[in-house]
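Engineer: Input: one structure, supplied below.
Where a number appears in this text, it was derived from the coordinates with a stated rule and is not lab data. Predicted model only: the values in this text are computed from it and were never measured. Cβ: placed from backbone, ideal geometry, glycine included. Neighbour counts: every protein chain shown.
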Amino acid sequence: MTQYVDLSQVQPFLDRGDLVLTHSLRLAREIRIARLAAKREQGHSVVEGRSSAALPIEAWFESRWREQVERGVLPVCRVLTRYEERLLWRQVIDESLERSGNFRLLRPSVAAERASQSRRAVMLYSAIGSRYVDNAQFQFDLDGKIFIEWVRGFEKLLLAKQAITREDAYHQLLTLERPEPQPLVLFHMPPMPPLFARLLDHLGTVQVIPPSESPESSLTTDNLKIAGRKFSEPDAEFAAVSRWAYTQFAEKERRCAIVLLDAANQRQRLEYFLRREFDCLGERYDRLPVNFSSGVSLFATPMYRDALLGLRAGLFPLTPSGMPDLVKFSVFIACRFRGDVGGSQIS
């Protein structure tokens, strides 16, 4: 079995009982899998499993917060999921628009997401957390004033529902008396927001293991050998593929293609790393030699869309708009089996 984690870097700390913190759940899982595989190779038929030996850093912060709540040190609150946060922001924004009546938003859901991200950034990068929004600089323009109104409405709803965000929970940990420090090992950790650094300093003694090069693997077919690499977190992958694209274009003068599995959510991040590699973040912003092609998702093409509609018909009720599509698809299939028409003759 191919291992993508250099376990030798963290093995001494794991044997000593230290906690290894990672940036992502994927890397923490890889460490646990590699550790179990190493034990089996050594001939151990039974391996003591400790899922807490490696954890994502935010999962550990949240577990420490829950410990303090269960002990009665912190008040009982429910930590909202990101989806619940957006729903709460949407409620605040809709109520604000109803009260003002001065303007309308074309996409309130996008505004809710941006407001959520903005407050999250304040919580992560400001030493005083949400109190930063009392800064007079927010009163200089209408956008700032409206954002402050939304933040206060959001926090009022949090209080009414006895709920908090993850970042609020982290700030609560900083208000507690410093506990007995826990030995912590940071493995392949990218730059962290200041709040994380303060929490680590408050809760434990930290040792950092610098990242190493990812080992390579290969997929082999009859006539083709494809090199592959695995990365600990998405940004490292985007940075590596951007360097590869720059090398192909600038040094080898070759064109290349990058395929994203989730273009809607990954394109902006990839574009940032491409601009950084091609030096197109500043005055040369319009010089990036890259074309983005979103194409058409397979499930949105008429053939597959209607086929999926037919499969769903036995499970869910059809909408009025779905009936014509299902009828056309049924006629198309019947005609194809009879050999009467081609695919382009059904409209």
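Engineer: Report the Cα centroid-to-centroid distance between region 242-268 and region 98-167 in angstrom, as an integer.
Structural biologist: 36 Å
Engineer: Then there's this: Add +1 for every Lys or Arg and -1 for every Asp or Glu among the other residues with Cβ under 11 Å from the Cβ of V290, and state the total.
Structural biologist: Charge balance in the 11 Å sphere: +2.
Engineer: Fewest to most neighbouring Cβ within 10 Å: what's the order for I128, I93?
Structural biologist: I128, I93
Engineer: Counting only other residues whose beta carbon sits under 12 Å from that of V110, what net charge do I get with K and R as +1, D and E as -1?
Structural biologist: Here the count lands on +3.
Engineer: Calculate the spin-label point distance for L25 paired with R82, positioning each point 7 Å from the Cα along the beta-carbon direction, and give it in nanometres.
Structural biologist: Going from the R82 label point to the L25 one covers 1.1 nm.
Engineer: Using a 7 Å offset from the Cα along the Cα-to-Cβ direction at both V259 and V327, what is the distance between the two label points in nm, to one decimal?
Structural biologist: Each label point is offset 7 Å from its Cα along the Cβ direction, giving 3.9 nm.
Engineer: What is the sum of charges, Lys and Arg at +1 and Asp and Glu at -1, for the other residues whose Cβ falls under 11 Å from the Cβ of A121?
Structural biologist: +2
Engineer: Another question, if that's okay. Any idea how far apart D134 and V290 come out in nm if each label point goes 7 Å out from Cα toward Cβ?
Structural biologist: Roughly 4.2 nm, to one decimal.
Engineer: Compute the Kirkwood hydrodynamic radius of region 233-287, taking the inverse of the mean of 1/r over all pairs of distinct Cα atoms, and give it in Å to one decimal.
Structural biologist: 11.7 Å
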